[in-house]
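A.B. asks: Dumping the structure here so I can ask a few things about it.
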Amino acid sequence: MPILGASAVFAAVSSATANATAKGAAGAEAKLPAVSDSDLVFYVDIFLLGAVALFFLLLLPRGAVRFTHKREWVDGHFLRSVYLEGPAAPANVLRRPSAKRQDVIAPVSPAYYPPPSRYNADSSSYDHQSKEQWGAETDVSHTYVSHADLLRKGSTASGRERRRQNVPTHMPGVSTTFPTLAAFLRKTIRPGLTIGKAVILASYSAIVLYAGLFMSNPLSQPVRAGYVALSQLPVVVILGAKNNLVGMLIGFGYERLNYFHRFAGRMFILAANVHAIGYFYSWSIQGTFAKSIALPKFTWGLVALICADLLLLLSTDFVRQNFYNAVFIPSHTIGGIIMFVALANHYPVCVPYVLVAVGAYGFDRVLRLIKSRVVMARLRPLPDLGMTRVEIPGLNSGWRAGQHVRLRVLSLGMGLRGWAEVHPFTIASVSRCHSGEGLVLMVKKAGDWTTKLYDLAQRADYGEANGLGGSVQVVVEGPYGGPGHAIFSSFSGAMFVAGGSGITFGLAAVQDLMKKDLEYRSRIRAMELVWCIQDPTALTPLVPLFSALVVQSQEAYMDLKISVYYTRAPPHPEVLKTFRNLPPGLTLSPARPKLGQNLKGVVDRASALFSGGKERSRGKGSLTGVIVGVCGPSGLGDEVRKAVANFDPDSRKRVGGIELHEEAFGW
């Protein structure tokens, strides 16, 4: 009996405590204000803007330093033609020593550097040929080469003084400050997705899921999912624009933000479908589906949903890679416009978000129109490389090394639909080059459109040879992409790795740095260009240019090496005999490169040239690091990232850090 009494008392106390707790919880719930769906998703968008602002502040010091240089205000934004003072040097220029002046220069014929078979290894120079064979009438050099401007020795007293006054200020990047973290975030999870990107996408997913699930049941309260989808519409459109404010603020090109655009688009469509399915289920249970969907506001909502789902289906990798211009672009344009109209008629609350998205889209279109130039171009086929060389002399300024343009060829020779297609290509020439060649693109045959362009180039080249004219009208839009806020010439060393047609990026970067060296606007002391090809015969047409660049470096402030690697044995081994006597500094090797060793060579050369000498004592400061650029297949990019991540920490610190720039874009 006492035991039973104690049990009863304990049960009574427990019951009272439970009731009090329940009442307290109910009171707390009553005190919580109701969550407004529109306010919640609005604040989520504000939070996303805050994240962008954080990135902007993180990168602001480097951007501020970049724009302290006047040239950065005008280059990299709009293509144009400027008057270049001085005589137009058709190709290379060699320094001619003078007793009175150390900077006297003398022009050299474009054909000064003949093919490798004529190189004399003993004298380390090329044999002069007769005009009939390699004279001014030849077009070999002009066809294959984006000409370097000048050669002069950069170690004169006046040159050192000018360099101290003109070299760009260097601002280390975030990856230099936190190399271990940067290496971890660059690790590849799968092709196209690194740990850093995965962290950003996971964080974004968490924010969107919080907005959709906080104090809401998506099954019984589908309206919240609709608000979430609506709030992300401007995010999707802004990140998908070629000219977007987010990229402008943080110094990223649209191609580097495209992965976020695609992911945000999927989240938008997921939320839109959850929103619709919730209503469809409710109407089906109540037996009012037909009556409800016939209402205009819901009919417009269904139209918007269909457009969104079609955009997803027509945005798969298969469609983008194979039918970009035929299906992807038209479906995005038409489907997007219809979806905007449908959403505006779905509910009045949609109108502000739609207007922001339309404003971002309109801003992009206006800027693309301003950035477009209708000019005449000269097409030249390059059979040895399987490329078409597009020369646009009417544009000679306005881009930075590593940037690309979008090209449209206005010729019926491209076919009924080909003349309307737009394709991106990396600029292969140097801005403000005195050679007169202007903007140059190297277009590799890789599909129907590029094959048609090559065929058109053959016909144009034949017509020009017969006095019929070889020029076509093109529309050039850009420039886009590039190194962002980084200034390549502010580093102490540079290594550029290219795979196949990615050599256009590497050559443009090397020639741009050599031109800046000529103008006393570069800190680069050691540089290497690594080119990975399958067939060694691809090197043949570029030997004249490579040889010219190597010879230039011998008379310049910087030291240049060009290393070419081939991965397949040639069908005719005797082809390799033509490359036995390459000039010093230019090498051809079998197998894949050991990029870690290449990078170590650049770091050691840069460190040795700066150590113990007059550079530091004259107030030029310490080493400013090495920039590594890569353009090529994803596998090559992975190898470069590993080489940078696994580099010796002590050597990295000694040289001032190692930064990585990846130049890649696609559909």
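A.B. asks: How big is the dipole moment of the range 372-481 about its Cα centre under a simple scheme where the beta carbon of each Lys and Arg is +1, that of each Asp and Glu is -1, and everything else is neutral? Debye, nearest 20, please.
C.D. replies: 220
A.B. asks: Once Lys and Arg get +1 and Asp and Glu get -1 on their Cβ, which of Leu529, Ala569, Val550 lies farthest toward the positive end of the dipole of the range 525-583?
C.D. replies: Ala569
A.B. asks: Amide H of Ser411 versus every other amide H placed in the peptide plane: which residues, excluding those fewer than 5 positions away on the same chain, fall under 5 Å?
C.D. replies: none
A.B. asks: ³J(HN,Hα) across the range 577-593 via Karplus (A = 6.51, B = -1.76, C = 1.60, θ = phi - 60°), whole Hz, x for Gly/Pro?
C.D. replies: Here the 3J(HN,Hα) series is 5, 5, 10, 5, 10, 5, x, x, x, 10, 10, 10, 9, x, 6, 7, x Hz.
A.B. asks: Now for a separate question. Around Thr624, which amide H atoms from residues at least 5 apart in sequence, or from another chain, sit under 5 Å from its own amide H, with H modelled in the peptide plane?
C.D. replies: When sequence neighbours closer than 5 places are left aside, the close amide H contacts are Ser492.
A.B. asks: Given a cut-off of 26 Å, name the pairs among Lys187/Lys600; Lys187/Lys445; Lys594/Lys653; Lys70/Lys515; Lys197/Lys371 whose C-alpha atoms lie farther apart than that in the structure shown.
C.D. replies: Among Lys187/Lys600; Lys187/Lys445; Lys594/Lys653; Lys70/Lys515; Lys197/Lys371, the Cα-Cα distance tops 26 Å for Lys187/Lys445; Lys197/Lys371.
A.B. asks: How far apart, in nanometres, would the label points at Val356 and Phe323 be if each is projected 7 angstrom from Cα along the Cα-to-Cβ direction?
C.D. replies: Taking the two extended label points, one gets 3.3 nm.
A.B. asks: Highest mean first, how do 391-398, 542-549, 419-426 rank when packing is the count of other Cβ atoms within 10 Å averaged over residues?
C.D. replies: Most protected by this proxy first, the peptides run 542-549, 391-398, 419-426.
A.B. asks: Which of the peptides 227-235, 173-181 is most tightly packed, and how do the rest follow, going by the mean number of other Cβ atoms within 10 Å of each residue?
C.D. replies: Highest mean packing first, the order is 227-235, 173-181.
A.B. asks: Compute the convex hull volume of the Cα atoms of the range 372-481, divide it by the residue count, and report the result per residue in Å³ as a whole number.
C.D. replies: 100
A.B. asks: So, one more: Skipping prolines and chain starts, which residues have an amide H placed within reach, meaning under 5 Å, of the one on Gly482, given they are 5 or more residues away or on another chain?
C.D. replies: Sorted by chain and number, the residues that satisfy this are His404.
A.B. asks: Go through the range 325-337 residue by residue and turn each phi into a ³J(HN,Hα) via Karplus (6.51, -1.76, 1.60, θ = phi - 60°); whole Hz please, and just put x for glycine and proline.
C.D. replies: 7, 7, 10, 4, 4, x, 5, 5, 5, 5, x, x, 5
A.B. asks: In whole Hz and in residue order, list the ³J(HN,Hα) couplings for the range 473-490 that follow from phi through the Karplus curve 6.51 cos²θ - 1.76 cosθ + 1.60, θ = phi - 60°; x for Gly and Pro.
C.D. replies: So the Karplus estimates, Gly and Pro as x, are 8, 9, 10, 10, 10, x, x, 10, x, x, x, x, 7, 6, 10, 4, 6, 8 Hz.
Taken together, the values in this text are just the output of simple stated rules run on the coordinates, not laboratory data. Model, not experiment: these values are computed from the prediction. For neighbour counting, all protein chains shown are included, and Cβ atoms are generated from backbone atoms with ideal geometry for every residue, glycine included.
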